[in-house]
Amino acid sequence: MNGYAIRAIYLFELARAWRTLMQSIASPVLSTSLYFVVFGAAIGSRMVEIDGVSYGAYIIPGLIMLTVLNESTSNASFGIYMPKFTGTIYEILSAPVSALEVVIGYVGAAATKSIILGLIILLTARVFVDYSIDHPFWMLAFLILTSLSFSLLGFIIGVVAESFEQLQIVPMMVITPLAFLGGSFYSINMLPPLWQTITLFNPVVYLVSGFRWSFYGVSDVGVGLSLTMILVFMLLCLGVIAWLFKTGYKIKP
């Protein structure tokens, strides 16, 4: 294992985040704060509790997941796409660095940025509403696993994408709608039976539900099922990445 190569890629990607601090950190935090003001304070004060939790506190896990999913995907996809766009990807491929080390460097940096952002939003939420964390270990576990999984997805998107526009298609057209329809702002038990069944085909439901359970001990689906879905998704992404490097698809000319 080439630790120097992993460290170089990892630190370079983190440094890029600090150079674009407003876009990487400040903008997502500000956007999420507006959600807390509108949904938590304005609308939440007029709504009843959900599963014994005030509405303002209930949406905190969903808002964190909404941000983490998008930022993990975007950070990882942009991180690997830029070397392709500038042509420096061939320097990495010709260096004594394995595919595993490249993935660890880029995905690790993207996941780290998303985890930090999620924790910052968690602290910011305290300004607007009171909340508790019943299972802090599992809260961190869900946050880390989700960040890693969607950073792997973002890595795949960055490799396959052929333009900057294509980098935004999946986050904007797929992940964001799934997050909004995945119980971020409500419990799926509030839906009619037919729509509850349809919603269970949305993978984001399991992420939000498991993460919310770590806060308040309530969930729409079983916690074990949520963990299983995250691990299955992670393994699928790893399998696709292994195939991409093995075949050189969209990586080598």
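Once the C-beta distance of Ala141 and Ser94 is scaled by a Förster radius of 45 Å, the resulting FRET efficiency is 0.75 to the nearest 0.05.
Peptides 120-127, 148-155 ordered by packing proxy, namely the average of other Cβ atoms within 10 Å per residue, highest first: 148-155, 120-127. Put simply, the amide H of Ile50, placed in the peptide plane, has neighbours under 5 Å in Tyr55, leaving out anything fewer than 5 places away on its chain. What the phi angles of the stretch 230-236 give under the Karplus curve with 6.51, -1.76 and 1.60, with θ = phi - 60°, is a coupling list of 5, 5, 5, 4, 5, 5, 4 Hz, glycine and proline written as x. If you model the stretch 86-212 as an ellipsoid using its alpha carbon gyration tensor, with each semi-axis the square root of five times an eigenvalue, the axes come out at 32, 20, 13 Å, biggest first.
With the convex hull drawn over the C-alpha atoms of the stretch 147-253, the volume per residue is 107 Å³.
In straight-distance terms, cross-link reach from Lys84 covers every one of the lysines whose alpha-carbon lies under 19 Å from its own, apart from those fewer than eight places away in the same chain; here that gives Lys246, Lys250, Lys252. Mean-square fluctuation check for the chain, GNM, Cα pairs under 10 Å: which of Tyr186, Tyr58, Tyr81 is largest? With Cα springs under 10 Å in the chain, the top fluctuation among Tyr186, Tyr58, Tyr81 is at Tyr186. Figure legend: label point modelled 7 angstrom from the Cα of Leu11 along Cα→Cβ; residues of the stretch 99-130 with amide N under 19 Å from it are 101-113. So if we plug the beta-carbon distance of Lys252 and Thr197 into 1/(1 + (r/R0)^6) with R0 = 35 Å, what FRET efficiency do we get, rounded to 0.05? That gives a FRET efficiency of 0.20. Each residue of the stretch 186-194 was assigned a 3J(HN,Hα) from its phi angle through the Karplus curve 6.51 cos²θ - 1.76 cosθ + 1.60 (θ = phi - 60°); the sequence is 7, 8, 5, 5, 7, 7, x, x, 4 Hz, with glycine and proline shown as x.
The alpha carbons of the chain give a radius of gyration and a Dmax of 18.7, 60 Å, in that order.
Bear in mind that the values in this text are calculations on the coordinates, not laboratory data. Model, not experiment: these values are computed from the prediction. Quick reminder, even Gly has a Cβ in these numbers, built from the backbone with ideal geometry, and neighbours come from all protein chains shown.
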